[in-house]
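Computed from the coordinates by the stated procedures, all read-outs in this text should not be read as laboratory data. None of the values given here were measured: they were computed from a predicted structure. With ideal geometry, Cβ positions are generated from the backbone for all residues, glycine too; neighbour counts draw on all protein chains shown.
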Amino acid sequence: MEYDLVITNGVCVTASDVAAFDIGICGEKITMLAPSGSLASATTKTLIDAEGGYVMPGGIDCHVHLQEPSMFGKGSSSDSFETGTRSAIAGGTTTIVAFAPQQRTEPSLIAALDAAHALARDNCYCDYGFHLLVGNAGETALSEVPLLPARGVTSLKVYMTYEALQLRDSEILSVLAAARQSKVLTMIHAENGDVLTWLTERLEKRGLVAPRYHSNSRPPILEDEATNRAISLAALVFQTPILLVHISDSGATKRIREAQTRGQPVFAETCPQYLFLTREEHLDAPPGFEAAKHVCSPPPRDKAAQQDIWTGLRNGTFSVLSSDHCPFNFDDDVNGKKTCISEEFPVGQFRHIPNGIPGVETRLPLTFSATTTPEGRLPLSKFVEVTSTNAAKLYGLYPKKGAMMPGLSDADLVVWYPNKGSAKRPAALDGLTITNSMLHHDVDYTPFEGKPVDNWPRYTVLRGKVVWDRDGAGIVGSKGYGAFVEREKSVLNDIWQKVDMDGAFDEEKL
Ligand code: DUC
Ligand code: ZN
Ligand code: ZN
Ligand code: ZN
């Protein structure tokens, strides 16, 4: 047997097992798992000695915004498909699912999808797919939902907030009914947009416009209420499956848990900003506009909420941990800069700060480090489940992605350094903290500056090719190697089973 790549001496971690195996790779696929050390002398073009470090399926980040127009004025999110996917592989992520944004002025979903393809094609370092972001739920868009699965798109996102994109409840219901019919999963950004506008106006009347007041304009109750409403709307449409994105707080988490306990197919996502940043940090940021670096929606919450989010990850309330990478430069005169100071607004008001932060590269290192600390925030297999395997299942990529099944899975892997206590571990990893200068995105800051990490992806392998070699040339993959992946319907927890039994939404049966 001749291999193209062998990884020997690693401890393989999947969503179900932790065990020492060697991995044999032919072409783009994993073709062999063998007893540890047994492939060390196999015939292979390339041999990687993992030196006892963990080897896992590559990270899958299904919530990434690249080259999207800003909803807050001029410009667009600062990473391109090139720089965002370059940043992804340097952080161990081998597949992203980005958004194809349909603007309100654009009736067609297909046109939005074609436009996103044109931006991404030949520009990506990692594999990629698209969710359709529905900004206009008119007849054209609804009639196009059935066309999406054949184009490899099996999920939509709708917003319950932001004037430019917010859908009314009736529009959300129409999207849910159409999505149900085509077995397309609906992702929902649940914050009450009207309440947030009302609070923003009141804060502004009192001159409370500094970045820190962004979080006063979106207290947890907005998320709790909208989450509950989204769950109710989905229940009305015969319990159509939904996924609530970027959940930040205890109240919304409880609503989701309760719905799941009732048996409703409600899935949820959280993000590193709700595990590693807090509202207190944001409020204590130095004076001036520094706090704008933490402005994302929902905003980071307090310590107690942070604990509840960790608990929700452990107990399965959250199926996936995504980055919600949506970066804007802090200081950039061309694009939607975070300082949002312009001739028109010389003071700068939180209302104009683009919402979103970078995080596609730091997602795995931050969370993995928390996993392997003595507190053991997550079991190792749970880490793989929420950062890779569940994303693959939820978004129709499994077992091509998110798994290590010989003959079936792409050879998408991340190899970590050996853990503390191993003589093979580089001393420089001890005390490592995140700095923006070590990241590969095209953003002038990271909100995770100074956060400790005790490991980092040493190698990232995408479809059998080493694309990131931290001890070598760093980024060794090439732009354009990343390919569009056509997604199937979701298979997580058999989410379409009830739809098969109950059929299409029919108001006569209510
Ligand atoms: N929602 C997102 O999903 N990303 C960035 C901004 C937002 O509100
Ligand atoms: Zn959102
Ligand atoms: Zn903040
Ligand atoms: Zn987002």
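Of the cross-linked pairs 420/479; 293/451; 29/498; 157/303, those separated by over 24 Å at the C-alpha level are 420/479; 29/498; 157/303.
Among 438, 1, the ranking by other beta carbons within 10 Å of each residue's beta carbon, starting with the fewest, stands as 1, 438.
Sequence-ordered 3J(HN,Hα) estimates for the range 12-27 from the Karplus curve with 6.51, -1.76 and 1.60 and θ = phi - 60° stand at 7, 10, 10, 5, 10, 9, 10, 7, 7, 9, 8, 10, x, 10, 10, x Hz, glycine and proline given as x. Between 0 and 90 degrees, the angle of helix 109-120 with respect to the longest Cα principal axis of the chain falls at about 40 degrees. Residues 200, 46, 94, ranked from the fewest to the most other C-beta atoms within 10 Å, line up as 46, 200, 94.
Note on the range 70-155: dipole from Cβ charges, positive end direction compared against 124, 143, 76; the farthest Cα belongs to 76. Other residues whose C-beta falls under 10 angstrom from the C-beta of residue 312 contribute a net charge of +2, scoring Lys and Arg +1 and Asp and Glu -1.
Computed packing ranks the peptides 167-175, 23-31 as 23-31, 167-175, most packed first, by mean other Cβ atoms within 10 Å. Its Cα centre serving as origin, the range 1-152 has a Cβ charge dipole (Lys and Arg +1, Asp and Glu -1) of approximately 260 debye. Of 395, 213, the sequence from fewest to most neighbouring Cβ atoms within 10 angstrom is 213, 395. The DSSP beta bridges internal to the chain are antiparallel in roughly 45% of cases.
Around the Cα centre of the chain, unit charges on the Cβ atoms of Lys, Arg, Asp and Glu (plus for the first two, minus for the last two) sum to a dipole of about 700 debye. The angle separating the long axis of helix 220-236 from the principal Cα axis of greatest extent in the chain is about 90 degrees. Karplus-derived 3J(HN,Hα) values for the range 123-139, using 6.51 cos²θ - 1.76 cosθ + 1.60 with θ = phi - 60°, are 10, 9, 8, 10, 5, 8, x, 10, 9, 8, 8, 8, x, 9, 8, x, 4 Hz; glycine and proline are entered as x.
Compute the distance from the alpha-carbon center of the range 13-91 to that of the range 159-231, in whole Å. When both Cα centres are located, 34 Å separates them. Over the residues of the chain, the helix contribution to mean residue ellipticity at 222 nm works out to -7500 deg cm²/dmol, using -39500 (n - 2.57) for each DSSP H run of at least 4. Radius of gyration over Kirkwood radius for the chain, both on Cα atoms: the Rg/Rh ratio is 0.96.
What net charge do the residues around residue 207 carry, taking every other residue with its C-beta under 15 Å from that of residue 207, with Lys and Arg at +1 and Asp and Glu at -1? Display every interim value, and only then the final one.
Details: positive: 202, 205, 206, 212, 351; negative: 201, 204.
Net local charge, residue 207 excluded: +3.
Given +1 on the Cβ of Lys and Arg, -1 on the Cβ of Asp and Glu, and no further charges, what dipole in debye does the range 268-337 carry about its Cα centre, rounded to the nearest 20?
Values: 6 positive and 11 negative charges, 58 e Å.
Result for the range 268-337 is approximately 280 debye, rounded to the nearest 20.
Relative to the longest principal axis of the Cα atoms of the chain, helix 303-315 runs at roughly 60 degrees.
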